[in-house]
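Notes follow the structure.
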Amino acid sequence: KDYTKELYTKQFSLYLDNILKRVELQQDAYSKEENIPKALFEILAQQKQELLKFKNAHGSIVVPDLF
């Protein structure tokens, strides 16, 4: 079976909008819980900030060829 470049690109691209939504979902879900370490929220905020910088530099979809 052939594995096309198009399929490879589709499967291994980074869809940054989706990743950002997952980070936001985690922030929202954990904010409703008690006794969650502040460090978790700091890490999630840092991840979100770095993802946004990466998105601004490379666009919403980052293809494997970029690396």
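The values are calculated or read from the model by the stated rules, or taken from the named source; none is laboratory data. Computed from a predicted structure; not experimentally measured. Glycine also receives a Cβ, built like all others from the backbone with ideal geometry; neighbour counts cover every protein chain displayed.
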What tally of residues in the stretch 27-39 results from selecting those that are on the phi > 0 side of the Ramachandran plot and surrounded by 12 or more Cβ atoms within 10 Å (Cβ to Cβ)?
0
Every residue in the stretch 1-17 that is over 13 Å from Leu66 (Cβ atoms) and either aromatic (Phe, Trp, Tyr) or in contact (Cβ under 8 Å) with a residue 24 or more places away in the chain (or both), please.
Tyr3, Tyr8, Tyr15, Asp17
For the stretch 25-50, how many residues meet the condition of being more than 10 Å from the chain's Cα centre (by Cα) and part of a helix (DSSP H, G or I)?
17
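Every residue, every condition in (1) at pLDDT 95 or above; (2) exposed (fewer than 12 other Cβ atoms within 10 Å of the Cβ), yes or no:
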position: Leu16; (1), (2): yes, no
position: Ile19; (1), (2): yes, no
position: Leu25; (1), (2): yes, yes
position: Phe41; (1), (2): yes, no
position: Gln49; (1), (2): yes, yes
position: Lys53; (1), (2): yes, yes
position: His58; (1), (2): yes, no
position: Val63; (1), (2): yes, no
position: Phe67; (1), (2): no, yes
